[in-house]
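Report on the structure given below.
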Amino acid sequence: MNSDNSMKFIEIVSKILLIDQAKIVDDLSREDLEEWDSMAHLVLVSDIEQEFDIIFSDDEVTSIVTISDLKNSLKNHGIVI
């Protein structure tokens, strides 16, 4: 586990989704969190891409529904959270 990447990831998710860092768990879903609307999703993806210097495909962006999905997409780009 890369704690530096993990901390960056948690900070971005917390900031964009307006959620306490302790509440960010793998099974947290867009359906569970009102703040995770389409605009927040795009900002979240954009900030993650910028921080980790990657670009998600359109299919990846639309398939991200949970925090776990987001982590798996990062893993597919060689970023371990």
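Computed from the coordinates by the stated procedures, all read-outs in this text should not be read as laboratory data. Everything numeric in this text was worked out from a predicted model, so none of it was measured. Reconstructed Cβ throughout: ideal geometry from the backbone, glycine too, with neighbour counts over all protein chains shown.
Within segment 8-24, the set of residues being of a type in the set (A, V, I, L, M) and under 19 Å from VAL45 (Cβ atoms) comprises ILE10, ILE12, VAL13, ILE16, LEU17, LEU18, ILE19, ILE24.
Is there a residue in segment 34-56 that is touching a strand residue (DSSP E or B) at 6+ places or on another chain (Cβ under 9 Å), farther than 11 Å from LEU17 by Cα and crowded, with 18+ Cβ neighbours inside 10 Å? Scanning segment 34-56 turns up no residue that is touching a strand residue (DSSP E or B) at 6+ places or on another chain (Cβ under 9 Å), farther than 11 Å from LEU17 by Cα and crowded, with 18+ Cβ neighbours inside 10 Å.
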